[in-house]
1. So what is the relative contact order of region 27-170, in percent, for Cα pairs below 8 Å that sit 6 or more residues apart?
2. Beyond 23 Å, what share of the Cα-Cα pairs of region 120-271 remains, rounded to the nearest whole percent?
3. Place the peptides 173-185, 220-232, 55-67, 149-161 in order of packing, highest mean first, counting for every residue the other Cβ atoms within 10 Å and averaging per peptide.
4. Using the count of nearby Cβ atoms within 10 Å as a rough guide to exposure, how do THR217, THR271, THR168 rank from fewest to most?
5. Any idea what the dipole of region 147-223 comes to, in debye rounded to 20, about its Cα centre with Lys/Arg Cβ at +1 and Asp/Glu Cβ at -1?
6. Between HIS255 and residues 5 or more places away or on another chain, which pairs have amide H atoms under 5 Å apart, with H built 1.01 Å from N, and which residues are they?
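Throughout, read-outs are computed from the coordinates displayed, never taken from laboratory work. A quick note: this is a predicted structure, and the numbers were derived from the prediction, not measured. Cβ placement follows ideal geometry from the backbone for every residue including glycine, while neighbour counts extend to all protein chains displayed.
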Amino acid sequence: MLLTLLLQVTWTLAALGDDHWTYEGPHGQDHWPASFPECGGNAQSPIDIQTSSVTFDSKLPALQPHGYDQPGTKPLELHNNGHTVQLSLSPTLYLEGLPRKYVAVQLHLHWGQKGSLTGSEHQINSEATAAELHIVHYDSDSYNSFGEAAKSAEGLAVLGILIEVGETENPAYEHILSHLHEIRYKGQATAVPPFSVKELLPEELAQYFRYNGSLTTPPCHQSVLWTVFSQKVQISKEQLEKLQETLFSTEEPSHPLGQNYRVPQPLNQRTVLASFSQDESSYTRGEMVSLGLGILFGSACLLLVIYFIAKRTRKKRSRLEKSVGFTSAQATME
Ligand SMILES: *[C@@H]1O[C@H](CO)[C@@H](O)[C@H](O)[C@H]1NC(C)=O
């Protein structure tokens, strides 16, 4: 009886505590603003990017990740924090191509529940993908710590990579996913051998959407300069299942960790910039090549047809001329 009461009190205190939040239920995303006022702000993330409403900005350069492909020798820490799986990153990884230099802090994932193909936070034309990778950076020139930068406008830069299900296993993502069974419960951590974080990114780094937004989890600080890549990356169905089915958001096997995505937030007066124009975006490079080959092949076929028609017409004409000669000869005979 006393124990039950004690547990009740502990639960209530935990629930009232500022750091208690979930995606669903009484502490779910609809209730975040009550405990974390910034979550109710007017420049929140994620958003649904409507490509017909974005503004093309020809001055947005390709994003340049530095040190991403130099894994070094130190193992990386992979941690189940009860909300997501998070990999700590070395500040030797940094970004150029943004207004200032931003150094890497951590990366983490968002995904859906078991069996779901929707789990990304950002959407493009109202379509979510299976999962989303976020690589978090802060402006180390202007701020002394991540914590300080996280509260300041444009203090953070986050890369959003949309993940969909493809045919083959993605070996880069396996560097993370193959260790999930070591950190099934909240609070567990493991060491991951260093690997090239570059390989988690899409190939095309020049095509992206850029907007001012927020952290997608409480306290939802509106300090993030977002880059969401237009090109998606693929993981296999088995890899997605591993992500969806291995982790728990609790210290015992009670609540599975998943469906940890926030729904799109109102854009309000914000502008979403695109580093590329719409015409380019409707075709990938592969489609461009096959389109070119198609046109070439089509033209060749057309030329061949014209050639044969011309040849036949010439033959017919000469036959006609001959037969005309013959008929007139016949006519003279009669
Ligand atoms: C983000 O906000 C800053 C002002 O804080 C502004 O200068 C910048 O142009 C905005 N960026 C985008 C992509 O809207």
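1. Relative contact order here is 18 percent.
2. Taking all Cα-Cα pairs of region 120-271, the fraction more than 23 Å apart is 45 percent.
3. 220-232, 149-161, 173-185, 55-67
4. Ascending number of Cβ neighbours within 10 Å: THR168, THR271, THR217.
5. 460
6. Counting only residues 5 or more places away or on other chains, the set is SER249, THR250.
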